[in-house]
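All remarks here apply to the structure that follows.
The values are calculated or read from the model by the stated rules, or taken from the named source; none is laboratory data. The shown structure was predicted, so the numbers you read here are calculated from the model rather than taken from an experiment. Neighbour counts run over all protein chains shown; Cβ positions are idealised from the backbone, glycine included. The protein model used for the area step is the full one, side chains on, heavy atoms only, and it has no ligands, DNA or RNA in it. Shrake-Rupley method; radii C 1.70, N 1.55, O 1.52, S 1.80 Å.
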Amino acid sequence: MAEWVTSRIRTIPDFPKAGVQFRDITTLLADPLGFRKAVDELVQRYVGVTIDKVVGIEARGFILGGAVAHQLAAGFVPVRKAGKLPHTTISEDYELEYGTGRLELHDDAIGSGDLVLLVDDLIATGGTAEAAVKLIRATGGTVVAACFVIDLPDLGGSRRIRDMDVPVVTLCEYPGG
Ligand code: AMP
């Protein structure tokens with residue numbers, strides 16, 4: 001499966017800045033079977049598990065998370081970059097492999113006790129996912145697991161999230177950054 005996925009992911013060197021190997025999933029998403037199989041792989045682990053909400057991280061996490069939520073008959077909740085969500089939000093600052101930012105979540109989007117699955121395309125340093133886990137927990141939600149198509153294990157993010165007692169599922173990995 002991992003090789004099947006990586007064969008459909010394109011690597012763009014030095015994007016968005018020098019030294020970054022950008023793992024571009026648009027080629028995976030554009031492949032009808034690729035999109036379906038990637039979503040099915042993530043979903044099949046949670047068949048029979050109660051998931052109330054799927055949280056997707058802007059922007060590629062929306063595409064994957066929306067499809068996963070639909071398949072699991074769960075609600076979908078966006079975590080967005082600062083200033084995009086219209087209602088009252090809670091926020092968390094985070095650091096990226098290339099830059100810093102702030103993530104926001106509507107303060108009423110997740111109910112206390114909701115079981116939540118976190119979805120994004122890729123985990124690198126884990127700063128983004130850690131901020132999302134903190135936001136979900138601040139609302140009283142429980143993060144059942146975090147899923148990503150791609151892991152960059154050498155950057156330590158998946159270990160960082162597992163250290164927060166969140167199981168991590170990834171479909172493929174790339175050594176290095
Ligand atoms: P991090 O917070 O370091 O785990 O970075 C993860 C977030 O940044 C995800 O939302 C990814 O979409 C994006 N990202 C970080 N590094 C890369 C990369 N090398 N290729 C594609 N996306 C990346």
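Among the criteria (1) over 14 Å from Val55 (Cβ atoms); (2) in contact with a strand residue (DSSP E or B) (Cβ under 9 Å, 6 or more places away or on another chain), the one Gly141 does not fulfil is (1).
State the number of residues belonging to segment 118-128 that are open to solvent by less than 30 Å² (accessible area, probe 1.4 Å) and either in contact with a helix residue (DSSP H, G or I) (Cβ under 7 Å, 6 or more places away or on another chain) or away from the ligand (no atom under 16 Å from the Cβ) (or both). Spell out how you get there, then give the answer.
Restricting attention to segment 118-128, the residues satisfying the condition of being open to solvent by less than 30 Å² (accessible area, probe 1.4 Å) are 118-121, 123-124, 126-128.
Keeping just the survivors that are either in contact with a helix residue (DSSP H, G or I) (Cβ under 7 Å, 6 or more places away or on another chain) or away from the ligand (no atom under 16 Å from the Cβ) (or both) gives 118-121, 123-124, 126.
The number of residues fulfilling the criteria is 7.
Any chance you could count how many residues in segment 129-144 are under 30 Å from Thr27 (Cβ atoms) and away from the ligand (no atom under 16 Å from the Cβ)? Here the count works out to 1. Taking residues in segment 157-176 that are free of Cβ contacts under 8 Å to residues at least 60 places away in the same chain, and partners anywhere that are assigned to a loop (DSSP other than H, G, I, E, B), the pairs with Cβ atoms closer than 8 Å and at least 6 places apart or on different chains are Gly157/Ala124; Gly157/Thr125; Gly157/Gly126; Ser158/Gly126; Arg159/Gly126; Arg160/Thr125; Arg160/Gly126; Ile161/Gly126.
Give the residue, chosen from Leu122, Leu135, that is in contact (Cβ under 8 Å) with a residue 24 or more places away in the chain, part of a helix (DSSP H, G or I) and either among the hydrophobic types (A, V, I, L, M, F, W, C) or more than 21 Å from His70 (Cβ to Cβ) (or both). Talk me through it step by step, then tell me what you get.
Working: Leu122 fails: part of a helix (DSSP H, G or I).
The conditions single out Leu135.
Take Ala109 and tell me if it is among the small types (Gly, Ala, Ser), open to solvent by less than 30 Å² (accessible area, probe 1.4 Å), part of a strand (DSSP E or B) and more than 10 Å from the ligand (Cβ to nearest atom). Criteria not met by Ala109. If you go through segment 129-140 and pick out every residue that is open to solvent by 10 Å² or more (accessible area, probe 1.4 Å) and of a type outside the set (Asp, Glu), you end up with 5.
Selection of segment 159-175 for residues being touching a helix residue (DSSP H, G or I) at 6+ places or on another chain (Cβ under 9 Å) and more than 20 Å from Val39 (Cβ to Cβ) yields Arg159, Arg160, Ile161, Met164, Val166, Tyr174, Pro175. Restricting segment 144-177 to residues that are in contact with a strand residue (DSSP E or B) (Cβ under 7 Å, 6 or more places away or on another chain) and more than 20 Å from Ala2 (Cβ to Cβ), which is least open to solvent (accessible area, probe 1.4 Å)? Only one residue fits best here, namely Val166.
Within segment 16-47, the residues that satisfy the criterion of being modelled with pLDDT under 95 and over 17 Å from Glu173 (Cα atoms) are Pro16, Lys17, Ala18, Gly19, Val47.
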